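These notes concern the structure reproduced below.
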Amino acid sequence: MPTHPPKSLSRVLDDLGSTLLDLVHGDVGAVREISGVAIHDPYDEQSYPPSAIVLATAVRGADEIVPLLSALRIHRSAALVVRGPVAADPVLRAASDETGVALLSLTPGASWAQLAAMLRTLLAEGDVGEESGSTLGGVPSGDLFALANAVATLLDAPVTIEDRRQRILAFSGRQDEADSSRVATILARQVPDGYVRILESRGVFKEIYRSEDPVKIAPATISEGETAIPRVAVAVRAGDEVLGSMWAAVREPLTPARENAFKEAAKLVALHMLRVRAGADAENRLRADLLATALEGGSGAAEALGRLGLAGEAVLVMALGLAHRPDEDHAQLAADRQRLTSALAVHLTAVHPRSAVALLGETAYALLPVLGDAARGRDRAVQIGTEFLQRTGERAGAVIAVGSVAEEPAALARSRTNADRALRVLFTSRPDLQVASIADVYPDALLLELKDLAAANRDELAGPLARLVAYDAKHNAHLVETLWAWLEAFGDVIAASGSVFVHPNTFRYRIRRVAEVGRIDLQDPSARFAAMLQLRLLGPRNGATRL
């Protein structure tokens with residue numbers, strides 16, 4: 001059972017090596033707490049939290065690794081992970097010693113995405129708010145990796161803990177002592193489909209979930225010539241609910257004492273799994289509360305930002321909204337909102353580890369740290385939002401709005417308001433856009449708010465436009481349509497007449513009638529502006545002549 005601090009680099013290697021990670025060189029004991037996981041992108045501006053583990057997915061060879069180690073020294077990173085195999089030659093050892101950044105290698109065939117997910121799982125305990133420091137059975141509460149190692153010690157066999165869908169929640173060390181199916185399971189963090197089908201055909205899962213005692217499972221192989229060793233598995237229950245199962249790869253049958261210990265350990269695993277589930281729910285609620293407090297911009301905003309890891313940073317608010325399709329029920333819409341919120345959180349975490357996302361009401365809000373000046377930060381946020389919607393398949397009705405940059409906590413409320421203003425524009429008057437910042441759609445937002453004001457004041461059409469509307473209603477003369485087309489074309493009769501499909505001479509006659517009937521001087525810029533504004537706010541194209 002690991003005795004290292006739960007977030008230390010030593011603990012990470014204890015839990016994930018040597019199945020996933022190998023230490024090439026470095027002092028793993030020098031870093032007592034890992035702050036997060038970051039992805040290295042050689043073509044983008046980088047921002048890593050201190051003491052982060054950096055995953056370099058596209059870095060190969062000493063010529064690329066050494067300069068990156070030197071760059072990570074500036075960020076005070078804890079470790080660099082590159083694709084293995086990597087030989088610990090003198091150049092790499094010297095670079096690691098000089099920079100203080102440990103060099104690790106990822107096992108060939110292992111998935112970068114799965115490694116990132118497992119690292120974040122290991123480091124998630126206590127990320128938001130205060131750590132409880134509680135234990136269950138002498139193991140830190142919710143720490144399934146530590147529990148798997150403890151059970152493995154009791155059984156003298158490698159152990160995995162799985163959910164009901166055969167996804168690996170945690171695993172012990174010594175997995176290399178098992179067979180190739182177990183190694184493939186750890187690398188994919190999912191039991192291989194072929195192995196699952198074999199076990200299902202034997203009725204193994206039904207037997208496990210039905211039995212109170214450990215179930216002995218004969219060796220199973222997927223491909224010809226493959227060797228396998230037996231398994232023993234026990235269901236993990238919370239009352240009548242089956243939470244998952246725990247598996248041990250054993251070369252010899254368990255003794256009665258070890259079999260009983262395995263059965264009793266399953267009860268402890270259930271408590272920890274419930275703690276993980278409750279902790280995730282509580283953490284999500286706490287993160288949402290902290291984000292909501294920060295967005296209010298009041299006296300508690302600074303403290304909330306600090307607990308979210310964003311103290312002292314310029315940030316902006318992103319808002320993700322989802323339109324309700326007529327044929328879609330509310331339950332499906334709520335599920336889609338939650339799914340997109342979770343996906344946005346993963347996407348932004350990969351871009352900037354200190355970003356924060358929470359679903360508040362019907363809108364998902366994100367706080368994104370800003371690098372550089374405000375205009376560049378807004379453009380970067382729009383680019384990130386566009387990439388996110390492209391990667392999620394551009395779900396119909398999904399839009400992302402970007403607020404203004406908040407240099408201090410008090411300005412966050414304004415950033416949220418601006419994000420909400422831009423979101424409303426995307427939903428109502430700019431169907432050509434899926435992502436926009438408030439700077440991009442400010443005139444549209446202002447017009448919507450002026451229209452709200454006119455509606456609140458119960459304003460009516462007055463002056464020239466009222467006279468034109470009344471004349472059209474009596475004579476079907478299309479004068480309002482003619483004025484609108486003329487204003488939209490900046491007085492270009494040819495273009496304006498083409499837009500309403502009439503002859504230019506007919507259009508010229510109508511525009512003269514507009515001036516006569518409406519008693520409006522179309523040569524006066526102020527009169528033209530007033531007419532255009534009134535048309536956009538109260539004109540027939542925007543509803544009734546009285547709002």
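The values are calculated or read from the model by the stated rules, or taken from the named source; none is laboratory data. This is a predicted model, so every value here is computed, not measured. All Cβ positions, even for glycine, are placed from backbone atoms using ideal geometry, and neighbour counts span all protein chains on display.
A few notes on this one:
- V37 being under 21 Å from the mean Cα position of the chain (by Cα) and part of a strand (DSSP E or B): yes
Condition check ((1) surrounded by 16 or more Cβ atoms within 10 Å (Cβ to Cβ); (2) of a type in the set (F, W, Y); (3) at pLDDT 75 or above; (4) over 23 Å from I186 (Cα atoms)) across all residues:
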| residue | (1), (2), (3), (4) |
| --- | --- |
| V54 | yes, no, yes, no |
| I65 | yes, no, yes, yes |
| A79 | yes, no, yes, no |
| S96 | yes, no, yes, yes |
| G109 | no, no, no, no |
| Q114 | yes, no, no, no |
| M118 | yes, no, no, no |
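- Failed condition for D289, given (1) under 20 Å from the mean Cα position of the chain (by Cα); (2) at pLDDT below 75: (2)
- If you go through region 390-417 and pick out every residue that is touching a Leu at 6+ places or on another chain (Cβ under 9 Å) and in a helix (DSSP H, G or I), you end up with 5.
- In region 26-37 there is at least one residue matching the filter, namely being crowded, with 18+ Cβ neighbours inside 10 Å, at pLDDT 80 or above and not aliphatic (A, V, I, L, M).
- Filtered by the rule that a residue be outside any helix (DSSP H, G or I), without any contact (Cβ under 8 Å) to a residue 60 or more places away in the chain and on the phi < 0 side of the Ramachandran plot, region 72-84 gives S77, L80, V82, R83.
- Subset of region 468-490 that is assigned to a helix (DSSP H, G or I) and surrounded by fewer than 17 Cβ atoms within 10 Å (Cβ to Cβ) - its residue that is nearest to the chain's Cα centre (by Cα): E488
- Residue list for region 212-257, restricted to those being in a loop (DSSP other than H, G, I, E, B), among the small types (G, A, S) and surrounded by 13 or more Cβ atoms within 10 Å (Cβ to Cβ): A220, A228
- Residues within region 338-376 that are in contact (Cβ under 8 Å) with a residue 24 or more places away in the chain, more than 30 Å from L115 (Cβ to Cβ) and in a helix (DSSP H, G or I), tallied: 2
- Hey, I186 closer than 27 Å to G109 by Cβ, within 30 Å of the chain's Cα centre (by Cα) and surrounded by 13 or more Cβ atoms within 10 Å (Cβ to Cβ) or not: yes
- Verdict on A157 being over 21 Å from G109 (Cα atoms), not in a helix (DSSP H, G or I) and not basic (K, R): yes
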